[in-house]
Amino acid sequence: MTEQTDNTGDAAHIPSDDLFEALSDHYRRKVLFHLRQNGLATVDELTVVAAEQEDEAADVRETLVETHLPMLESLGLVDVEADEQKVELLADPDEIGDWLDLAVKRDVEAEMNEDAEQTEVAAHEPEDIRVLLVDDAPDFVSAVADLLEREHEDLDIMTATSAPDAFTVLKNEEVDCIVSDYKMPAIDGLEFLDAVRDEYPDVSFIMFTNKGSEHTAGEAVAIGVSDYLQKETSPEGYDRLVDSIRNAVGKQA
């Protein structure tokens, strides 16, 4: 049994990238879906759940025991009793449910975009993607807008420092995608998302924040967020944001 940290069972302490990596594999997702419903299962039961064909059960079991279960245990999501061949869910089932929903949604969107790219024949050069960046920190929103437009010619960035200001832009400009912070005065990101979905259901919406949580992510998914990203002020973080913008808008094309 892997030694656990004091945060065992608390998914909030796990970086979102690590959680999404853990949930990116369909075997690990099947294991967590089953444990979310039952709390405890044997390795044999999880093998049956994970294996798509009976003749692959032996290979699946070996992969579960040697790779997938140790990874989930190292993150504090499960406890593996090697002697009894039992696996117990340590994470809160509701938290895991929120993350599983978001991971599946991201995979479905990625598959849709991949299928669209394979079948679409470009008739002309793509138009600029019109992005509305919403954050209550004026210096931050200005700097990010300048960076994205400088590094990516296909992005046309508009800015707003509050949800009411953002609605003014939406009423006067065509917008393909909104990138919004969560923690904002007066109207927070979730309330803004809810209002946008009511009035502009076809506009993609990405939550880009360092103030949210897995519970916030779950609520955003329920309302209809296109993607949920932790705010990272690094080249890699902005690359992920740009990829998310392009994927979200591609879904609307």
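The values are calculated or read from the model by the stated rules, or taken from the named source; none is laboratory data. None of the values given here were measured: they were computed from a predicted structure. Every residue, glycine among them, receives a Cβ derived from its backbone with ideal geometry; neighbour counts consider all protein chains shown. Heavy atoms of the whole protein, side chains included, go into the accessibility calculation; ligands, DNA and RNA do not. Shrake-Rupley method; radii C 1.70, N 1.55, O 1.52, S 1.80 Å.
So, of the residues in the range 231-253 that are open to solvent by 50 Å² or more (accessible area, probe 1.4 Å) and of a type in the set (D, E, K, R), which turns out to be modelled with the lowest pLDDT?
Among those that are open to solvent by 50 Å² or more (accessible area, probe 1.4 Å) and of a type in the set (D, E, K, R), it is LYS251.
For the range 169-180, does any single residue satisfy the condition of being open to solvent by 40 Å² or more (accessible area, probe 1.4 Å) and either more than 17 Å from ASP202 (Cα to Cα) or in contact (Cβ under 8 Å) with a residue 60 or more places away in the chain (or both)? Working first, answer last.
From the range 169-180, those open to solvent by 40 Å² or more (accessible area, probe 1.4 Å) are 171-174; that's our starting set.
Now drop any that are not either more than 17 Å from ASP202 (Cα to Cα) or in contact (Cβ under 8 Å) with a residue 60 or more places away in the chain (or both), which leaves none.
Taking every residue of the range 169-180 in turn, none turns out to be open to solvent by 40 Å² or more (accessible area, probe 1.4 Å) and either more than 17 Å from ASP202 (Cα to Cα) or in contact (Cβ under 8 Å) with a residue 60 or more places away in the chain (or both).
Looking only at the range 131-144, filter to residues that are modelled with pLDDT under 95 and touching a Ser or Thr at 6+ places or on another chain (Cβ under 6 Å); which one of those is most open to solvent (accessible area, probe 1.4 Å)?
Only one residue fits best here, namely PRO138.
Condition first: under 24 Å from ARG246 (Cβ atoms) and among the aromatic types (Phe, Trp, Tyr). Now tell me which residues in the range 167-212 satisfy that.
Within the range 167-212, TYR182, PHE192, TYR200, PHE205, PHE208 qualify.
Among the residues of the range 209-222, what is the count of those that are open to solvent by less than 60 Å² (accessible area, probe 1.4 Å) and under 18 Å from ASP107 (Cα atoms)?
5
Tell me which of these VAL225 doesn't satisfy, since it passes every other one: (1) closer than 17 Å to VAL144 by Cα; (2) not in a helix (DSSP H, G or I).
Only one criterion is unmet by VAL225, namely (1).
Please go through the range 148-165 and give me each residue that is assigned to a helix (DSSP H, G or I) and touching a Ser or Thr at 6+ places or on another chain (Cβ under 7 Å), ordered by number.
Answer for the range 148-165, where residues must be assigned to a helix (DSSP H, G or I) and touching a Ser or Thr at 6+ places or on another chain (Cβ under 7 Å): there is none.
Do we have LEU133 as in contact (Cβ under 8 Å) with a residue 12 or more places away in the chain and part of a helix (DSSP H, G or I) here?
Answer is no for this residue.
Restricting to the range 181-197, count the residues that are open to solvent by 40 Å² or more (accessible area, probe 1.4 Å), of a type outside the set (D, E, K, R) and touching a strand residue (DSSP E or B) at 6+ places or on another chain (Cβ under 9 Å).
1
Within the group PHE208, PHE167, which residue is within 15 Å of the chain's Cα centre (by Cα) and among the aromatic types (Phe, Trp, Tyr)? Steps first, answer last, please.
Details: PHE167 fails: within 15 Å of the chain's Cα centre (by Cα).
After ruling out the rest, the residue left standing is PHE208.
For the range 69-78, enumerate the residues that are open to solvent by 70 Å² or more (accessible area, probe 1.4 Å) and among the charged types (D, E, K, R).
Those that are open to solvent by 70 Å² or more (accessible area, probe 1.4 Å) and among the charged types (D, E, K, R): none in the range 69-78.
Within the set of pairs 6+ apart or on separate chains, which have a first residue in the range 14-42 that is among the polar types (S, T, N, Q), a second that is open to solvent by 30 Å² or more (accessible area, probe 1.4 Å) and part of a strand (DSSP E or B), and C-beta atoms under 7 Å apart?
Final answer for the pair search is SER16/GLN230; THR42/LYS86.
Matching residues to (1) more than 18 Å from LEU100 (Cα to Cα); (2) open to solvent by 20 Å² or more (accessible area, probe 1.4 Å); (3) assigned to a strand (DSSP E or B):
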| residue | (1), (2), (3) |
| --- | --- |
| PHE20 | no, yes, no |
| LYS30 | no, yes, no |
| ASP44 | yes, yes, no |
| VAL49 | no, yes, no |
| ASP55 | yes, yes, no |
| VAL60 | yes, no, no |
| THR67 | yes, yes, no |
| VAL80 | yes, yes, yes |
| VAL87 | yes, no, yes |
